[in-house]
Amino acid sequence: MRIPHFLEAAVLDLRASRRKQNALLNEFRDDPRLQQLATAGAQVAARVPDQPLTLSEGERAFWTIHDDETLEAFLYSELLPTLDSHLSQAQWLRLPLGYLPLYLVLSFERRRLFEGWAAARELPGNRLQYVSEAYGVLGLHEEAMALFQVRKRLDEDALAHGRETGDADLQAAYAQRANPFADGQVRGAHILKFVRRSPRLYAAES
């Protein structure tokens, strides 16, 4: 079993784009006329070492990667940005069923790592509901219920008071029920465990 061929091509396209970006930054890094531009570019995109423009056997079947750091790096640094901006709508519809909930969870995990509860406040429409449901799909049911309480509090404050809910209130809503996944490292370990035991949710049919 392996990932779909078009997904592999999209990951490689991401790698190629990063290589070009890094080459441009290196070329203009010492040019005083473009120093400000280069500095801004370096702040926007993390500079990553050049990677081979091919996927390893482990990356083609990423659920078989045994090392936690290596799998986590592939999921967040390669798969997530590929799903975020390197697939067409038609390609998204051809992905196996496991990719959408994994994408929603990974993207929310990354956002709340850097943004805190603003990550929940700033999600448009019913997006937080879909994120909550995605955690449930990945087996983090208590986390799904905790985020449901957060969404409920956001909706109540918006409808009843017309105000933005503060971080302390959202944290209180999140903590209403016992949740073994409240710690980010615990959630991360469970996500990796789920991915490894669910290859059929990510592998191509043929």
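Rounded to the nearest angstrom and ordered from largest down, what semi-axes does the equivalent ellipsoid of region 103-156 get from its C-alpha gyration tensor (root of 5λ)? Could you put the intermediate results ahead of the total?
On the way: eigenvalues 46, 39, 18 Å².
The three semi-axes for region 103-156 are 15, 14, 9 Å.
Using only the C-alpha atoms, the convex hull of region 105-206 corresponds to 102 Å³ per residue.
Taking all protein chains in place and a 1.4 Å probe, what share, in percent, of the accessible surface of region 44-177 do carbon and sulfur account for? Solvent-exposed carbon and sulfur of region 44-177 make up 54 percent of the total. Between GLU115 and GLN185, the modelled labels are 2.6 nm apart [label points 7 Å from Cα along Cα→Cβ]. For region 153-206, the direction-averaged projected area of the alpha-carbon convex hull comes to 6.2 nm².
Hey, how much of the P(r) for region 49-185 falls beyond 19 Å, as a percent of Cα pairs?
Numbers: 5296 of 9316 pairs.
Everything past 19 Å amounts to 57 percent.
Length gained on full extension, ALA168 to ALA9: 52.9 nm, using 0.36 nm per residue less the C-alpha separation. Can you find, among TRP92, TYR76, GLY184, the residue sitting farthest towards the positive end of the charge dipole of region 47-206, where Lys and Arg contribute +1 and Asp and Glu -1 at Cβ? Of TRP92, TYR76, GLY184, it is TRP92.
The values are calculated or read from the model by the stated rules, or taken from the named source; none is laboratory data. What you see is a predicted model; the values in this text were computed from it and never measured. Glycine gets a Cβ as well: all are built from the backbone with ideal geometry, and neighbour counts include every protein chain shown. Ligands, DNA and RNA are excluded from the accessible area calculation, which covers all protein heavy atoms including side chains. Shrake-Rupley method; radii C 1.70, N 1.55, O 1.52, S 1.80 Å.
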